[in-house]
1. Give me the net charge for the shell around Ser114: Cβ to Cβ below 14 angstrom, other residues only, Lys and Arg +1, Asp and Glu -1.
2. Give me the net charge of Lys57's neighbourhood, meaning all other residues with Cβ under 12 Å from the Cβ of Lys57; Lys, Arg count +1, Asp, Glu -1.
3. If you add up the charges near Gly66, with Lys and Arg at +1 and Asp and Glu at -1, over every other residue whose beta carbon is less than 13 angstrom from its beta carbon, what do you get?
4. Run the quick spin-label model on Val168 and Lys120: label points 7 Å from Cα toward the beta carbon, then report their separation in nm to one decimal.
5. Give the lysines whose C-alpha is closer than 19 Å to that of Lys98, dropping any in the same chain fewer than 8 places away, or say none.
6. P(r) of segment 22-172 in 10 Å steps, Cα pairs, percent per bin?
7. Compute the length gained on full extension between Asp71 and Asn94: take 0.36 nm times their separation in residues and subtract their Cα-Cα distance, giving the result in nm to one decimal.
Amino acid sequence: MASVPFVHSNFERVENDFYPTIDERCVRGFLEIFTPTGLCVDVCAPDGSGIVDTLIKYGYSALGIGDAFTDTVDAQWIITNTPYKRGLVDDIINRQIKRVEDGRVFGVACLLRSNFDFAKGRKEMFGHPNYYGQIKLRFRPWWSENRDAQPIHNYVWHIWTQSSNTPVVLYADGIGK
């Protein structure tokens, strides 16, 4: 059986599937629901990121680091768009969930394709007691400056927090608060 995605993009894949978050509506969608009061860290941003830039633009304290597995992350929130390299993405997310579980951060927000949680191998990730839920974005983000074709994928923020609850599904338009 061929391993072909059911939706084809006309764009070449980027090395290591690293697609920076250049569409600030993604971060504004997160901010429609949450108001971080402390430092926000993007753990997948060795050279900064659109997430960090947008948070700073809207008055939040934020920085990027290049090691999602480091033991030293002193932040209230980890807000990230992980690389989509198979295997690596799950390891990165599980490491951040462990930070919430251990009380090292209040929350983790991961920007992912809307069907990311469908995989049976991710059952523990989304059945975790700290899984807060998801924020569905009511737009399709742009991932490049090329505007020859409309984006084809839907995205959500998956959230884990120290607050336990029955997972919720929320919606955001990307306009901010």
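Throughout, read-outs are computed from the coordinates displayed, never taken from laboratory work. On a predicted model such as this, the values are computed, not experimentally measured, just so you know. Neighbour counts run over all protein chains shown; Cβ positions are idealised from the backbone, glycine included.
1. With Lys, Arg at +1 and Asp, Glu at -1, the net is +4.
2. With Lys, Arg at +1 and Asp, Glu at -1, the neighbours total -1.
3. Within the 13 Å Cβ shell, the charges total -3.
4. Those two pseudo-labels are separated by 3.2 nm.
5. Within the straight-line cut-off, Lys98 pairs with Lys123.
6. So the P(r) values, bin by bin, are 11, 44, 38, 7, 0.
7. Between Asp71 and Asn94, full extension yields 6.9 nm more.
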